[in-house]
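The values are calculated or read from the model by the stated rules, or taken from the named source; none is laboratory data. For clarity, every value in this text was computed on a predicted model and none was experimentally measured. FYI the Cβ positions are ideal-geometry reconstructions off the backbone, even for glycines, and counts take in every protein chain you see.
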Amino acid sequence: MDIGGTKLLAIRVDDRGTAETEPLYMAAPGTAEELVSAVLAAAGQLSGSGRPEAVGVGVPGLVDRSDTLLFAPNLAGAAGARIGSALRVGASAARVWVGNDATAAGWAEFRVGAGQGSSDMLMVTLGTGIGGGVVSGGQLIEGAHRFAGEFGHMVVDPNGPLCPCGKKGCWERYASGAGLGVLAREMAVAGGAADLTARAGGDPEHVKGEHVTAAAAAGDAAALEIMRRFGWWVALGLANLANLFDPEVIVVGGGLVDAGAVLMDPVQEAFEGLVEAGGIRPMPIVVPAVLGPRAGAIGAGLLAANAPGSAGVGH
């Protein structure tokens, strides 16, 4: 399962990550109790009358070693949900993995997606916020407390806008879908984006990221300029990560990747100039994800399949 800000996606996969069912979609839960109930309901629907061999759940936040959702800036009402224990008891799941959704997506892209063949890979998901996953030496890196990969909360401007996490100037305020919308509205309010304003029904305050990507794909000059600025912010964060981890591959996923070349081209153009010793050192390659919105659920399932068959957390 992959739980986002607006929906829960569940799918049954085999131990190679191949889908065995069409995705099951449910409304995103608002509270911890609703989250647990939704997870149990989805597990029951996909396993039928049998006991599920393994259940994996990716959630947009910090999951501790007791498989409890500790903190979720974009799903705040669900904090405290004891997902792992609910699955072991309520669904009688033999194996359970509960962790960050972008971490799970990263593992899926590493095993069966755009990162296949590498040994050191980063996953960056650009959506409502920004998540991430780290694979080093072929191993998933979750960190001492399982909180690794919170790339979106790198502070890139301490005087920047307030983030839902409570800090100011986090990378995801600039390089997520929300950040793209802010850039677009600023230009539209200033009167420099007539096509975007028209797409938003004539109100520049209603311009959203999807209006920008559609207009950019149609060749609108203002939208392309916004994507160039936005791509620079994306590349800045990717360059910081390249300096920290020196990966072979950086896989960029999330809903914004559907924009295609109008996003990836400006990111690629800015990336090398922002990395330390760019143009001299061997550079990580930056590629779009290939598994789409199912990546988090596939990765969670693969991780659950290899989790210990006990009350412990799988790694």
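Rundown of residues vs (1) of a type outside the set (A, V, I, L, M); (2) out of contact with any Leu (no Cβ under 7 Å at 6 or more places or on another chain), yes/no style:
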| position | (1), (2) |
| --- | --- |
| Ser119 | yes, yes |
| Leu122 | no, no |
| Gly129 | yes, yes |
| Gly138 | yes, yes |
| Gly149 | yes, yes |
| Val155 | no, yes |
| Pro158 | yes, yes |
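On inspection, Leu183 qualifies as surrounded by fewer than 23 Cβ atoms within 10 Å (Cβ to Cβ), touching a helix residue (DSSP H, G or I) at 6+ places or on another chain (Cβ under 6 Å), in contact (Cβ under 8 Å) with a residue 24 or more places away in the chain and not polar (S, T, N, Q).
The strands (runs of 3 or more DSSP E) falling completely within region 79-158 that include 3 or more residues that are in contact with a helix residue (DSSP H, G or I) (Cβ under 7 Å, 6 or more places away or on another chain) map to 95-100, 121-126, 130-136. Residue check: Gly312 meets all listed conditions (1) in contact with a Gly (Cβ under 9 Å, 6 or more places away or on another chain); (2) modelled with pLDDT under 95 but one, namely (1).
Listed conditions (1) in contact with a strand residue (DSSP E or B) (Cβ under 8 Å, 6 or more places away or on another chain); (2) at pLDDT below 95 are all met by Gly129, apart from (1). Contact map, region 128-140: residues that are in contact (Cβ under 8 Å) with a residue 24 or more places away in the chain paired with residues that are among the acidic types (Asp, Glu) and not in a loop (DSSP other than H, G, I, E, B), Cβ distance under 7 Å, separation 6+ or inter-chain. Pairs shown: Gly129/Glu172; Ile130/Glu172; Gly131/Asp101.
Residue-level check: of (1) among the polar types (S, T, N, Q); (2) buried (at least 16 other Cβ atoms within 10 Å of the Cβ); (3) assigned to a loop (DSSP other than H, G, I, E, B); (4) not assigned by TED's automatic domain parsing to the domain that holds Thr31, Asn74 misses just (4).
Take the residues in region 27-62 that are β-branched (Val, Ile, Thr) and either farther than 18 Å from Trp107 by Cβ or not assigned by TED's automatic domain parsing to the domain that holds Asp14 (or both), then tell me which one is surrounded by the fewest Cβ atoms within 10 Å (Cβ to Cβ).
Taking region 27-62 and keeping what is β-branched (Val, Ile, Thr), we get 31, 36, 39, 55, 57, 59.
Adding the requirement that they be either farther than 18 Å from Trp107 by Cβ or not assigned by TED's automatic domain parsing to the domain that holds Asp14 (or both) leaves 31, 36, 39.
On the way: Thr31: 15, Val36: 21, Val39: 27.
Looking at residues that are β-branched (Val, Ile, Thr) and either farther than 18 Å from Trp107 by Cβ or not assigned by TED's automatic domain parsing to the domain that holds Asp14 (or both), I get Thr31.
The condition of being assigned by TED's automatic domain parsing to the domain that holds Arg146 and more than 16 Å from Leu9 (Cβ to Cβ) holds for only one of Leu122, Leu87, that being Leu122. Contact annotation: no residue pair with Cβ atoms under 7 Å, 6 or more positions apart or on different chains, pairs a residue in region 145-170 that is not assigned by TED's automatic domain parsing to the domain that holds Val182 with a partner that is modelled with pLDDT under 95. For Leu302, the conditions (1) at pLDDT 95 or above; (2) under 17 Å from Gly127 (Cα atoms) are fulfilled apart from (2).
Only helices (runs of 4 or more DSSP H) wholly contained in region 196-315 count here; list those with 2 or more residues that are surrounded by fewer than 21 Cβ atoms within 10 Å (Cβ to Cβ), assigned by TED's automatic domain parsing to the domain that holds Glu150 and in contact (Cβ under 8 Å) with a residue 12 or more places away in the chain.
On the way: elements: 209-217, 221-245, 261-274, 295-305.
Here the list reads 209-217, 221-245, 261-274.
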